[in-house]
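This report refers to the structure that appears directly beneath it.
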Amino acid sequence: MFEHVLRHSMVLWFRNLLIGLLSLCAFEMTQAQVTSAIDTTQIRIGEEINLTIEAVADTTALVLFPEGKTFGSLEVIDSYKIDTALADSKYRLIKRYGLTQFDSGHYTLPALRVMIGDRAFNTDSVAIEVLDVPVDTTQQKMFDIKPAIEVNRPPFDWMLLLYWVAPILVVIGLVWFFLRRKKLKEAREKQLPPYEEAMVALQQLDASNLLKDEKEKEYYSSLTEIVKRYLDREVDDRALESTSDELIERLLLHKDAGHFKFDQETIRKLDAILKRADLVKFAKMRQDFVQAQADRSSVEAIINETKEALPEPTEEELRQNEAYLELLAKRKKRRQWAYGISGAIGVLLVAALVYGSITGFDNLRDRIFGNEMRSLAEGRWYKSEYGTPAVIVETPEVLKRILLIPQDSLQPSPKNEATFEAGNLKEPFYVRVTTTKLSQQVEGQQIDLNHALDQALNALEAQGAKNMIVKREDFETEKGIKGLKAYGEFHVLVSENKVLKEKSSYDLLIFAQEGGLQTVLLVYQDDGVYAEQVKNRILDSVELEVTNEGTKKES
């Protein structure tokens, strides 16, 4: 009896548990469901199939639709945004796909998985038939393959070559200039005093094998050059370029004038050596080893005697020489500064050429000299409402409210008029927004926009616009509010009889409605690129707050 009661209780418990689980599943099924549909099961090659998947889920559930470039054998050519609607405290999500296939045949759109929370739902699979595009070859005329056509080679772009070659040549020229200058400077710094230079040169001549190799011509050429170079630096600065006879004659003149205390025998020995050297060099006369060695010793003796014959510098000459050395030091320092500045300028020019050839020379000009219109176009913009009825406009600068005082009155503008502006007419960029709230006596009357536009243009002339060119056309905002537009050019008056050389362009918008009159003025100096961008962005952003019979809405 006890076992029977226990078995009966367990059966009832399992039955209640099963009923509870089934109820929970049914509840969840009512909470979330997924359906799918396609607009056609038969298409031609390349046509689009529209697949729609709809999911209904709780507002807190996370829904993930299938993604991918292909669904089975069908290609996904577009995946549209999810449409969301709220119904009975649940979200109804609709996802659309554009599918196609570029080969004919029978295909199957597989079941697609949609995740709602941690549960997966599968859509139904669908059979798709892709048909060939029929071609009637009896009606369609067939054409032979056209022969190859000779095409002229495009002209060589010399400017592009110049952009790349010119900077390279400039760099090579600068490197060569500085390297050569460095070598010359090092050579000058290494140059010994005249006497030491001559002695070192004689020692190098002794170390050579010119005489042993029977090269008398080269030997005597070096020997005479050593003595002439010494005389050129210490006695006569024309010794190197003089012939043997001319040099002897000039030394005798120096001796007779008392410039140097030359011994007559020294000049005679030098004359003999130079004449023998000329015979060896030009007449190909052979000279024995002993005579060549004797001439070498005579040259050294002549240099020593000349050094002793040179007068000692006076105190005044030493001071002059010291001042001269100081002047040379200053000149050297100035040259160093000049070379440094020239090098820096050269590097900057090369960098500018390379940067301009890569990014464009207009961009380079704007980076160096600046472009206010470009800064405005590429900087931060602000979208705000101004006045009542409000004008909604996006500008690169926040407009500030100002108080306008009429020319014929010392009183500020009336309370029903508000003016906001940034910049002024003399600057490259100027924008002004004016709103006027009409009085109750004027409300309901038809406003003549053309007359209002004429008044706004007259006010602009009074503000300093001269030689104005005016063009008119209808204007409509993006949301359909209609008004009038005046545009053109004028010169800005900067003083009583002086106007700016460059013209300023302007755009003037005016709108009228029951309860309000709104104007937007934009004045700018056109640079050909960025001013047009700034103007278009401002004009495209203009919207109005429309008042109608006491109600207010934003159009």
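The values are calculated or read from the model by the stated rules, or taken from the named source; none is laboratory data. The shown structure was predicted, so the numbers you read here are calculated from the model rather than taken from an experiment. Here the Cβ positions follow ideal geometry from the backbone for every residue, glycine too, while neighbour counts run over all protein chains shown.
Do you know which residues across segment 334-376 are within 25 Å of K535 (Cβ to Cβ) and of a type in the set (D, E, K, R)?
D362, R365, D366, R367, E372, R374
Just the residues that are among the hydrophobic types (A, V, I, L, M, F, W, C), under 60 Å from the mean Cα position of the chain (by Cα) and at pLDDT below 85, please, taken from segment 188-218.
Listed by number, the list holds a single entry, L192.
Could you count how many residues in segment 82-101 are over 17 Å from A37 (Cα atoms), at pLDDT below 90 and either not assigned by TED's automatic domain parsing to the domain that holds G46 or not β-branched (V, I, T) (or both)?
Summing the residues that are over 17 Å from A37 (Cα atoms), at pLDDT below 90 and either not assigned by TED's automatic domain parsing to the domain that holds G46 or not β-branched (V, I, T) (or both) in segment 82-101 gives 7.
Does any residue of segment 502-518 turn out to be more than 19 Å from T434 (Cβ to Cβ), touching a Gly at 6+ places or on another chain (Cβ under 9 Å) and either modelled with pLDDT under 85 or not aromatic (F, W, Y) (or both)?
Yes, because at least one residue in segment 502-518 is more than 19 Å from T434 (Cβ to Cβ), touching a Gly at 6+ places or on another chain (Cβ under 9 Å) and either modelled with pLDDT under 85 or not aromatic (F, W, Y) (or both).
Hey, L169 hits all of (1) modelled with pLDDT of 80 or more; (2) surrounded by 13 or more Cβ atoms within 10 Å (Cβ to Cβ); (3) not small (G, A, S) but one; which does it fall short on?
Checking L169 against (1) modelled with pLDDT of 80 or more; (2) surrounded by 13 or more Cβ atoms within 10 Å (Cβ to Cβ); (3) not small (G, A, S), the one that fails is (2).
Listed here are the residues, each with its yes/no results for (1) in a strand (DSSP E or B); (2) more than 20 Å from I128 (Cα to Cα); (3) aliphatic (A, V, I, L, M); (4) modelled with pLDDT of 85 or more.
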residue: M10; (1), (2), (3), (4): no, yes, yes, no
residue: T40; (1), (2), (3), (4): no, no, no, yes
residue: G46; (1), (2), (3), (4): no, no, no, yes
residue: A57; (1), (2), (3), (4): yes, yes, yes, yes
residue: P66; (1), (2), (3), (4): no, no, no, yes
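Contact list please: Cβ distance under 7 Å, first residue in segment 206-220 and touching a residue at least 40 places away in the same chain (Cβ under 8 Å) and within 15 Å of V290 (Cβ to Cβ), second residue surrounded by 13 or more Cβ atoms within 10 Å (Cβ to Cβ) and of a type outside the set (A, V, I, L, M, F, W, C), pairs at least six apart or on different chains.
Between residues of segment 206-220 that are touching a residue at least 40 places away in the same chain (Cβ under 8 Å) and within 15 Å of V290 (Cβ to Cβ) and residues that are surrounded by 13 or more Cβ atoms within 10 Å (Cβ to Cβ) and of a type outside the set (A, V, I, L, M, F, W, C), the close pairs are L211/Y219; E216/Q287; Y220/K281.
Determine the pairs where a residue that is in the same structural domain as N467 (by TED's automatic domain parsing) and at positive phi, located within segment 479-502, has a partner that is in a strand (DSSP E or B) and loosely packed, with under 11 Cβ neighbours inside 10 Å with Cβ atoms under 6 Å apart, the partner being 6 or more residues away or on another chain.
Between residues of segment 479-502 that are in the same structural domain as N467 (by TED's automatic domain parsing) and at positive phi and residues that are in a strand (DSSP E or B) and loosely packed, with under 11 Cβ neighbours inside 10 Å, the close pairs are G488/K471.
Quick one: would you say A292 is of a type in the set (G, A, S), more than 16 Å from A198 (Cβ to Cβ), part of a helix (DSSP H, G or I) and touching a residue at least 12 places away in the same chain (Cβ under 8 Å)?
yes
Considering only residues that are part of a helix (DSSP H, G or I) and acidic (D, E), which ones fall in segment 196-231?
E196, E197, D206, E216, E218, E225
State whether the residues of segment 249-270 include one that is loosely packed, with under 12 Cβ neighbours inside 10 Å and either of a type in the set (A, V, I, L, M) or outside the structural domain of S298 (by TED's automatic domain parsing) (or both).
Looking for residues that are loosely packed, with under 12 Cβ neighbours inside 10 Å and either of a type in the set (A, V, I, L, M) or outside the structural domain of S298 (by TED's automatic domain parsing) (or both), one finds at least one in segment 249-270, hence yes.
Report yes if E150 is outside any loop (DSSP other than H, G, I, E, B) and over 30 Å from I341 (Cα atoms), otherwise no.
It is false that E150 is outside any loop (DSSP other than H, G, I, E, B) and over 30 Å from I341 (Cα atoms).
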